[in-house]
Amino acid sequence: MAYDALLPFRPPNVVQQFDIREGVLLLNGRNFFQAALSLPGCLVWAPAVNDGAAMVGVIRAAAHRRVFVGLTMQPTSADRQKLKQKYSPRDYFRLVMESVGQVPNAPPFFLHVQEPPIQASLRIDFEAVRDHIAGCIEAGFTSVGLDLSRCSASQVSSAVVELLQPVLDFDLGVVVRLPKNIQPEHLEAMNRYRKESTIVMAPGPDELGAVAIERAVQWRHMIGFGAVGWRDTKHIGSESLRQTPVKVLIGGDRFHDPARMEMVGSDPEKKEAFVYIESLVWLDRLKQKMTAQRLLEYFSP
């Protein structure tokens, strides 16, 4: 295959999976973040997808544009029972393998879980998300997103330590969404971890993420984020984004919003075609083309 030289970049938690398909290039999310930060014009797009038809649509579009992408599982609730039943890491991983295996010359991709917002003081939800992250890593996910926007600033450090340690043991990708009013002293844990990992900061609670963008620019020398993630693509092209190094686009509701998907109905072939066309539109709008080849050259000079 064209990208076989990237197979050594599979993280250990993927290599040990019995469900991994031969030739499927599920790589470490950290590698994609590093490449996006280093290669001019490259960014990471990882839309949230809930079913096989949408997964095939995204991967097929990426294959035709020869770009690297991510697939995101995006739970909407920290309720333990819902996480277990509706967002089973093992079931999602198997579905991804089946779906990507249908696409000839599928490009390199990573598998991301964007966990729901949690409050560190609500231990039931906090522990449910912690256990879900552990299940995702065990199942073969290669990137993890935390949403700490509902935590107090003083809780961030301890929350990061408790939630991220399993992720960093496998050296996987990390995306963190921070609360308002965060101060440098509250980020000591992330400053310590970022020497071992690539941590991407997502927008803060405000709609445009302006606060997070300002923090990323102001504290980049200390924390080393080097990028701002964006949960959805509706603000692409705005002046604030054009002036900011937005390199990671994670999640969003584009491919599972009921109002948008009503026109497609329940026919998997129609949904796959719809997602495929929408993905091509967004990849073109984001000016992404041939990034998979650039990733190959970046890691295999």
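The values are calculated or read from the model by the stated rules, or taken from the named source; none is laboratory data. Since the structure is predicted, the reported quantities are computational estimates derived from the model, not experimental observations. Note that each Cβ is placed from the backbone with ideal geometry, even for glycine, and that neighbours are counted across all protein chains shown. Protein only, heavy atoms only, side chains kept; ligands, DNA and RNA dropped before computing areas. Shrake-Rupley method; radii C 1.70, N 1.55, O 1.52, S 1.80 Å.
Out of the range 250-301, which residues are closer than 21 Å to L25 by Cβ and in a loop (DSSP other than H, G, I, E, B)?
L286, Q288, K289, M290, S300, P301
What do you reckon, is G57 open to solvent by less than 20 Å² (accessible area, probe 1.4 Å) and farther than 14 Å from F141 by Cβ?
yes
Under 9 Å between Cβ atoms, which residue pairs at least 6 apart in sequence (or on different chains) link something in the range 7-36 that is of a type in the set (G, A, S) with a partner that is in a helix (DSSP H, G or I) and open to solvent by 50 Å² or more (accessible area, probe 1.4 Å)?
These pairs meet every condition: G23/D4; G23/L7; A35/R294; A35/Y298.
Could you grab me the full set of residues in the range 92-105 that are in contact (Cβ under 8 Å) with a residue 60 or more places away in the chain and open to solvent by less than 10 Å² (accessible area, probe 1.4 Å)?
Across the range 92-105, the qualifying residues are F93, V96, M97, V100.
Collect the residues in the range 121-155 that are in a loop (DSSP other than H, G, I, E, B) and open to solvent by less than 20 Å² (accessible area, probe 1.4 Å), keeping them in residue-number order.
Across the range 121-155, the qualifying residues are G140, F141, T142, L148, C151.
Conditions: (1) of a type in the set (F, W, Y); (2) out of contact with any Asp or Glu (no Cβ under 9 Å at 6 or more places or on another chain); (3) not in a strand (DSSP E or B). F110 meets all but one. Number of the miss?
If we test F110 against (1) of a type in the set (F, W, Y); (2) out of contact with any Asp or Glu (no Cβ under 9 Å at 6 or more places or on another chain); (3) not in a strand (DSSP E or B), just (3) comes out false.
Against the definition (surrounded by fewer than 20 Cβ atoms within 10 Å (Cβ to Cβ) and of a type outside the set (A, V, I, L, M)), how does N50 come out, yes or no?
In short, yes.
Mind counting the residues in the range 62-91 that are surrounded by fewer than 23 Cβ atoms within 10 Å (Cβ to Cβ), in contact with a Leu (Cβ under 8 Å, 6 or more places away or on another chain) and part of a helix (DSSP H, G or I)?
2
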